[in-house]
1. Sort out for me the strands (runs of 3 or more DSSP E) sitting completely within the chain that have 1 or more residues that are in contact with a Lys or Arg (Cβ under 9 Å, 6 or more places away or on another chain).
2. All but one of (1) within 9 Å of the chain's Cα centre (by Cα); (2) free of Cβ contacts under 8 Å to residues at least 12 places away in the same chain hold for ILE17; state the number of the condition that does not hold.
3. Go through the residues of the range 20-32 one by one and say whether even a single one is charged (D, E, K, R), under 9 Å from the mean Cα position of the chain (by Cα) and open to solvent by 40 Å² or more (accessible area, probe 1.4 Å).
4. Quick one: in the range 33-46, of everything that is touching an Asp or Glu at 6+ places or on another chain (Cβ under 8 Å) and either free of Cβ contacts under 8 Å to residues at least 40 places away in the same chain or among the aromatic types (Phe, Trp, Tyr) (or both), which residue is least open to solvent (accessible area, probe 1.4 Å)?
5. Tell me, yes or no, whether the range 2-21 has at least one residue that is touching a helix residue (DSSP H, G or I) at 6+ places or on another chain (Cβ under 8 Å) and either modelled with pLDDT of 95 or more or of a type in the set (Ser, Thr, Tyr) (or both).
Amino acid sequence: MKLANLVSSGAEAKILIAGGMVLVNGETEVRRGRKLYDTDVILFNGNEIRIEK
């Protein structure tokens, strides 16, 4: 989220993830250190990010 400029810091991302505000592949994700793979889709605050090589 930080690399995509959706949050200003890792701490902010941690809070949002822990609060259940982030979806990965359509499911709520609360694990901060989840490994993301090619073709994963992250949805946060109306923004969709597709993970690509």
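1. Working: elements: 22-24, 41-44, 47-50.
Passing ranges, in order: 22-24, 41-44.
2. With respect to (1) within 9 Å of the chain's Cα centre (by Cα); (2) free of Cβ contacts under 8 Å to residues at least 12 places away in the same chain, ILE17 is out only on (2).
3. Here is the first cut: in the range 20-32, the ones charged (D, E, K, R) are 27, 29, 31-32.
If we keep only those that are under 9 Å from the mean Cα position of the chain (by Cα) as well, we get 29, 32.
The next check asks that each one be open to solvent by 40 Å² or more (accessible area, probe 1.4 Å); those that pass are 32.
There is at least one residue in the range 20-32 that is charged (D, E, K, R), under 9 Å from the mean Cα position of the chain (by Cα) and open to solvent by 40 Å² or more (accessible area, probe 1.4 Å).
4. Of the range 33-46, the ones touching an Asp or Glu at 6+ places or on another chain (Cβ under 8 Å) are 38-39, 41-42.
Of the ones still in play, those that are also either free of Cβ contacts under 8 Å to residues at least 40 places away in the same chain or among the aromatic types (Phe, Trp, Tyr) (or both) are 38-39, 41.
Working: ASP38: 73, THR39: 105, VAL41: 30 Å².
This residue is VAL41.
5. no
The values are calculated or read from the model by the stated rules, or taken from the named source; none is laboratory data. Nothing here was measured: the structure is a model prediction, and the numbers come from that model. We place every Cβ from the backbone using ideal geometry, glycine too, and count neighbours over all the protein chains shown. Remember, those area values only see protein heavy atoms, side chains included, never the ligands or the DNA or RNA. Shrake-Rupley method; radii C 1.70, N 1.55, O 1.52, S 1.80 Å.
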